[in-house]
Amino acid sequence: MFSRFLLTLLTVFKNELLSMYDRIMYRNNHSGAVLRCTCVKPCVHTDNCFVPTSEIIAVEETELNKKQRSIGKWQKMAKPHAFTVYYVKKARNHRWRCRDVTFWCADEILCNQWIQALKELLEMQTCRPKQLLVYINPYGGKRQGKRIYEQKVAPLFSLASISTDVVVTEHANHAKDNLFEVNINKYDGVVCVGGDGMFSEVMHGLIGRMQKDSGIDQNNPKAPLVQCNIRIGIIPAGSTDCVCYSTVGISDPVTSALHIIIGDCQPLDVSSVHQNNTFLKYAVSLLGYGFYGDVLKDSEKKRWMGPMRYDYSGFKTFLSHHYYEGTISFQPAKHTLGSPRDKDSCRTGCYICKESERQLAEQRKKCGFKHEEDEEEWKVIKGKFLAINVVNMCCACPRSPKGLSPAAHLADGSADLILVRKCSRFDFLRYLVRHTNKDDQFDFSFVDVYRVKSFQFTSKLSEDNESSVTDIGKKHFGQFCRDHPACCCNIANSTWNCDGETLDSSAIEVRVHCQLMKLFARGIEENCKDEAAYSHSSVEQLL
């Protein structure tokens, strides 16, 4: 009687597995392959859990130990077989973790069929990388890059069967120079372990390599650049990790590693910076003059302080309260939807980015690549400014969850130009505090914001500079004021903060290149109402 019951139970279990196999294959062919399974082994978990096959990391045959075989009903079955599925589990605040569930089966053939079917599903995920080039900055942030990669990231890459070639950088621009020498076509992507500076170095190397191979002169500010199709993955290990935070929603090495493994792709706008037909830099996050430029320049002298140097230099620069005169010219981004003042934040699958890209492509096709910017009117603003910021993304970070421009988009072919005019120290403090809360940070009479696709700036000193004795005197006197902040007179020129690197140029030209490069990222996902329930689900045994 009892043996007949066991036989009936096994038959039902086998039929259920076969039915689930059919559902997997059907859904894979019709609706994106979603795997669903009900827990069949004795346990306290009773809920169901859905995991897209695109978020399955790996499938491995599992050797059951004696302790596992002696649990519940399986203790009466001889030689059970099993396989383990490793998958992405999403938690709060956009954090991802690797979890696993083990399926048991007394039928070896059926178990092998399941393993084979799931592996075939993973093989169909052609966007996933197989071979990666990894650059590790051992000096950035708190000097934890190498440890973070070896302990948290490398095991996940190994689990997902990703081969890696690892280069530990030894000096500045090591990764950038190396990218001009390696056979880049053998890799599915490049991973940088470090902060925003390390990412910028890898980005310059990849974009520069693509333009060189395509015969494009980067010194020509109007040259249409070739899109870089090799994706970049960011493992955050720096001081701010702004790019990672703004494209994933969190600065977490494990989360970023899982985004790389499942092969997500997020296009990214890149701004080129020129001066007098000479290429200077590429920027993807912040290009800041005035306050943020002064903070960076002062902090560079205090690198021995580590990440705390930004707090110290920020406070010191705030007390100095310097303003700068100049002329700003820009072309509005008429092809984009929305504005910097709306509430449409850039999220996964952003419709604004997709529609803006389509309209920009139509605009360029209509102009026959004559550079449509030349056909459009420039707007000119003159004044005294405490800060001039150009951002390609929201520039969010843990201290400023909404960033400098909460509604900025990652891939719409535009940048947000933020002008903070001369005001009192108290008003400027109110503006800075707005970065840390949810209030509208542009709701001040002394703050203007525009969505632009190209931008030029010339300081008043550069405008007036005709090599006269007076101007030369101003230049030297301004340098004296910079070296002695106690002096209360105005400083002639500031420094540009270009993604965390200084640019000592008082006159620059900036142009936004739509979706010039791609990241291993999904964008920031919307928070679902049931996220908490999903993240705290006790279904560790289900898929």
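At 1.4 Å probe size, with the rest of the protein present, what percent of the exposed accessible area of region 270-394 is carbon and sulfur atoms? Percent of accessible area from carbon and sulfur atoms in region 270-394: 53. Given an 8 Å cut-off on Cα distances and at least 6 residues of separation, report the relative contact order of region 220-298 as a percent. Contact order relative to length: 28 percent. If R0 is 22 Å, the Cβ-Cβ spacing of Lys343 and Arg95 corresponds to a FRET efficiency of close to 0.35.
The accessible area of Lys130, taken with all protein chains in place and a 1.4 Å probe, comes to roughly 100 Å².
In this structure, Thr84 and Glu525 have a Cβ-Cβ separation that, at R0 = 30 Å, corresponds to a calculated FRET efficiency of about 0.70. Hey, quick one: spin label on Gln275, modelled 7 Å out along Cα-Cβ, who in region 440-455 has an amide N within reach, i.e. under 18 Å? Residues 455 qualify, since their backbone N sits under 18 Å from the label point. Using 0.36 nm per residue and subtracting the Cα-Cα separation, the extra length available between Glu362 and Lys186 on full extension is 60.0 nm. Based on protein heavy atoms only, region 105-162 ends up with 51 Å² per residue of surface accessible to a 1.4 Å probe. A DSSP coil position with no more than 15 other Cβ atoms inside 10 Å describes the following trypsin sites (Lys or Arg not before Pro) in region 287-355: Lys301, Lys302, Lys334, Arg341, Lys343. When you filter the trypsin sites (Lys or Arg not before Pro) in region 131-217 for DSSP loop state and at most 15 other Cβ atoms inside 10 Å of their Cβ, you are left with Lys142, Arg143. For the cross-link pairs Lys438/Lys518; Lys176/Lys518; Lys90/Lys402; Lys130/Lys518, which exceed 19 Å when the distance is taken from alpha carbon to alpha carbon? The answer is Lys438/Lys518; Lys90/Lys402.
Taking the convex hull of the alpha carbon atoms in region 275-329, what volume per residue do you get, in Å³? Please list the in-between numbers first.
On the way: hull volume 6.8 nm³, N = 55.
Spread over its residues, the Cα hull of region 275-329 gives 124 Å³ apiece.
A Förster radius of 51 Å, combined with the Cβ-Cβ distance separating Val433 from Gln113, puts the computed FRET efficiency at roughly 0.25.
With kT/(6 pi eta Rh) evaluated at 37 °C and eta = 0.692 mPa s, and Rh the Kirkwood radius from Cα pairs, region 230-359 diffuses with a coefficient of 181 µm²/s according to Stokes-Einstein.
Quick check of the Kirkwood formula: for region 395-463, what is the inverse mean of 1/r over all pairs of different Cα atoms, in Å? Kirkwood hydrodynamic radius for region 395-463: 13.6 Å.
The values are calculated or read from the model by the stated rules, or taken from the named source; none is laboratory data. Quick caveat, the model's predicted, so the values are computed rather than measured. Every residue, glycine as well, gets a Cβ built from its backbone with ideal geometry; the counts of neighbours run over all protein chains shown. Remember, those area values only see protein heavy atoms, side chains included, never the ligands or the DNA or RNA. Shrake-Rupley method; radii C 1.70, N 1.55, O 1.52, S 1.80 Å.
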